[in-house]
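**Student:** Shown below is the structure under consideration.
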């Protein structure tokens with residue numbers, strides 16, 4: 001038979017999904033596995049948001065909507081961006097998509113041509129490089145490290161900019177590191193975008209989950225670069241609405257028109273019921289969000305306190321999101337059951353085999369010396385997992 005898609009052959013499967021699936025399989029087999037792999041809040045969706053969805057169903061709001069999303073939701077998103085983020089926009093500059101991932105995919109499809117370079121700071125969310133490849137672009141990786149708090153500046157970015165640079169992807173707060181980019185750094189990067197004429201895709205899905213006095217700043221609020229910034233976000237993380245699959249992007253009208261054209265030929269409109277729920281999420285009481293944020297902060301503190309005493313790993317303190325990204329390079333060269341740990345993947349296999357704790361290898365995020373731990377789980381599970389990790393490391397040769 002004729003060969004299948006080479007483009008698909010060149011992309012990787014999501015490691016976060018793969019590890020989560022493996023953990024579920026092991027639990028189904030009766031194994032006592034604690035999975036800290038998924039980036040999914042364990043809290044229920046707020047009651048008033050669920051009620052709005054139920055009401056939408058009862059009112060037969062179950063048909064197609066406009067491809068770009070309902071006018072009410074687009075205007076509500078625009079209002080939110082103006083009020084909370086300082087981004088001057090309108091409903092006509094907003095596209096509602098089937099989740100934040102879908103919004104980002106549509107964005108890259110709308111701006112990329114074959115061979116365009118897209119700069120991606122590492123550690124990065126696993127899907128960024130693969131989405132760029134699917135848009136026929138070329139991922140260019142900007143390495144960051146613990147010494148810089150996994151952040152970067154215009155000057156560290158400058159050497160990677162070429163005439164083929166089409167865009168830079170910023171994810172703040174960051175998955176997997178929890179790093180938060182400061183306003184000063186983002187303003188410097190905005191000046192660089194003007195100097196070299198490239199777009200900025202700002203993934204702000206974790207914007208409401210910040211700690212220690214950190215403030216989220218939207219680069220799209222800077223007037224000089226407003227038309228070259230694509231702001232992407234959604235409801236999955238802050239509102240605990242992962243399964244609802246509802247997200248959005250805001251950009252200049254030409255980009256929105258192109259992204260909407262892509263969406264019209266792939267998924268069409270996002271779920272009508274999810275759009276009704278998202279509208280209520282934006283308009284209704286947000287006290288549940290602060291409760292969740294405080295719970296995440298407390299879980300982070302518990303996990304850092306437990307793991308900071310474990311020899312063999314070092315734990316940077318994240319300023320946002322709900323992940324730890326500890327270094328495991330001190331474990332490299334040590335052995336268990338005749339197996340040598342020489343990579344983050346080996347470390348994850350070790351923790352699963354000897355601690356029955358499922359983590360995600362840092363290699364999936366562009367950093368082979370780290371592993372990602374999600375603390376979107378109960379304090380009981382986090383405490384037990386930390387104890388298991390410490391005990392397992394003590395057995396290493």
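**Student:** Take residues that are more than 16 Å from residue 248 (Cα to Cα) and tell me which of the helices (runs of 4 or more DSSP H) falling wholly in the range 78-182 contain 2 or more. I'd like the intermediate steps shown before the answer.
**Tutor:** Values: elements: 100-111, 127-134, 154-157.
Fully inside the range 78-182 and qualifying: 127-134, 154-157.
**Student:** Being in a loop (DSSP other than H, G, I, E, B) and either closer than 17 Å to residue 369 by Cβ or at pLDDT below 95 (or both) is the filter here, so list the residues in the range 298-317 that pass it. Can you show your working first?
**Tutor:** Within the range 298-317, the subset in a loop (DSSP other than H, G, I, E, B) is 308-313, 315-317.
Answer for the range 298-317, where residues must be in a loop (DSSP other than H, G, I, E, B) and either closer than 17 Å to residue 369 by Cβ or at pLDDT below 95 (or both): 308, 309, 310, 311, 312, 313, 315, 316.
**Student:** I would also like to ask the following. In the range 180-203, which residue that is farther than 15 Å from residue 157 by Cβ and touching a residue at least 40 places away in the same chain (Cβ under 8 Å) is surrounded by the fewest Cβ atoms within 10 Å (Cβ to Cβ)? It would help to see each step written out before you state the result.
**Tutor:** We begin by selecting, within the range 180-203, every residue farther than 15 Å from residue 157 by Cβ; these are 180, 183, 203.
With the extra rule that they be touching a residue at least 40 places away in the same chain (Cβ under 8 Å), the set shrinks to 180, 203.
Details: 180: 25, 203: 27.
Per the criteria, the residue is 180.
**Student:** Counting only residues that are under 16 Å from residue 93 (Cβ atoms) and crowded, with 22+ Cβ neighbours inside 10 Å, how many does the range 261-285 have?
**Tutor:** Total meeting the criteria: 1.
**Student:** Right, here's the next one. Taking residue 68 as the residue in question, decide whether it is in the same structural domain as residue 186 (by TED's automatic domain parsing), part of a helix (DSSP H, G or I) and at pLDDT 95 or above.
**Tutor:** no
**Student:** Just wondering, is there one or more residues in the range 42-59 that are under 30 Å from residue 379 (Cβ atoms), touching a strand residue (DSSP E or B) at 6+ places or on another chain (Cβ under 7 Å) and either touching a residue at least 24 places away in the same chain (Cβ under 8 Å) or buried (at least 20 other Cβ atoms within 10 Å of the Cβ) (or both)?
**Tutor:** no
**Student:** Looking at 347, 385 in this structure, which one is within 17 Å of residue 310 (Cα to Cα), touching a strand residue (DSSP E or B) at 6+ places or on another chain (Cβ under 8 Å), without any contact (Cβ under 8 Å) to a residue 40 or more places away in the chain and part of a helix (DSSP H, G or I)? Steps first, answer last, please.
**Tutor:** Working: 385 fails: without any contact (Cβ under 8 Å) to a residue 40 or more places away in the chain.
Testing whether each residue is within 17 Å of residue 310 (Cα to Cα), touching a strand residue (DSSP E or B) at 6+ places or on another chain (Cβ under 8 Å), without any contact (Cβ under 8 Å) to a residue 40 or more places away in the chain and part of a helix (DSSP H, G or I) leaves just 347.
**Student:** If only one of 65, 70 is touching a strand residue (DSSP E or B) at 6+ places or on another chain (Cβ under 9 Å), over 22 Å from residue 216 (Cβ atoms) and crowded, with 20+ Cβ neighbours inside 10 Å, which one is it?
**Tutor:** Answer to the selection: 70.
**Student:** Residues to consider are 295, 392, 364; find the one that is under 27 Å from residue 205 (Cβ atoms), part of a helix (DSSP H, G or I) and touching a helix residue (DSSP H, G or I) at 6+ places or on another chain (Cβ under 6 Å).
**Tutor:** Values: 295 fails: touching a helix residue (DSSP H, G or I) at 6+ places or on another chain (Cβ under 6 Å); 392 fails: under 27 Å from residue 205 (Cβ atoms).
364 is the lone residue from the list that is under 27 Å from residue 205 (Cβ atoms), part of a helix (DSSP H, G or I) and touching a helix residue (DSSP H, G or I) at 6+ places or on another chain (Cβ under 6 Å).
**Student:** Something else: Here is a list of conditions, (1) touching a helix residue (DSSP H, G or I) at 6+ places or on another chain (Cβ under 7 Å); (2) part of a loop (DSSP other than H, G, I, E, B), and residue 4 meets all of them except one; can you say which number that is?
**Tutor:** All conditions pass for residue 4, except number (1).
**Student:** Output the number of residues of the range 341-386 satisfying the condition of being on the phi > 0 side of the Ramachandran plot and over 20 Å from the mean Cα position of the chain (by Cα).
**Tutor:** Number satisfying all stated conditions: 1.
**Student:** A further question follows. Which numbered condition in (1) loosely packed, with under 14 Cβ neighbours inside 10 Å; (2) assigned to a helix (DSSP H, G or I); (3) not assigned by TED's automatic domain parsing to the domain that holds residue 277 is the only one that residue 31 fails?
**Tutor:** Unmet condition: (2).
**Student:** Here's another thing I want to ask about it. If you go through the range 286-316, how many residues are surrounded by 17 or more Cβ atoms within 10 Å (Cβ to Cβ), within 23 Å of the chain's Cα centre (by Cα) and farther than 23 Å from residue 49 by Cβ?
**Tutor:** Residues flagged as surrounded by 17 or more Cβ atoms within 10 Å (Cβ to Cβ), within 23 Å of the chain's Cα centre (by Cα) and farther than 23 Å from residue 49 by Cβ within the range 286-316 amount to 5.
**Student:** Pull up the range 199-228, narrow it to residues that are within 18 Å of the chain's Cα centre (by Cα) and in a strand (DSSP E or B), then point me to the one that is nearest to residue 286 (Cα to Cα).
**Tutor:** Looking at the filtered set, the residue picked out is 210.
**Student:** Among the residues of the range 142-156 satisfying the criterion of being within 21 Å of residue 206 (Cβ to Cβ) and in contact with a strand residue (DSSP E or B) (Cβ under 9 Å, 6 or more places away or on another chain), which is modelled with the lowest pLDDT?
**Tutor:** Here the residue is 146.
**Student:** Which one of 123, 139 is in contact with a strand residue (DSSP E or B) (Cβ under 9 Å, 6 or more places away or on another chain), crowded, with 18+ Cβ neighbours inside 10 Å and free of Cβ contacts under 8 Å to residues at least 24 places away in the same chain?
**Tutor:** Only one candidate qualifies: 139.
The values are calculated or read from the model by the stated rules, or taken from the named source; none is laboratory data. This structure is a prediction, so every number in the text was calculated from the model and none was measured. All Cβ positions, glycine included, derive from the backbone under ideal geometry; neighbour counts span all protein chains shown.
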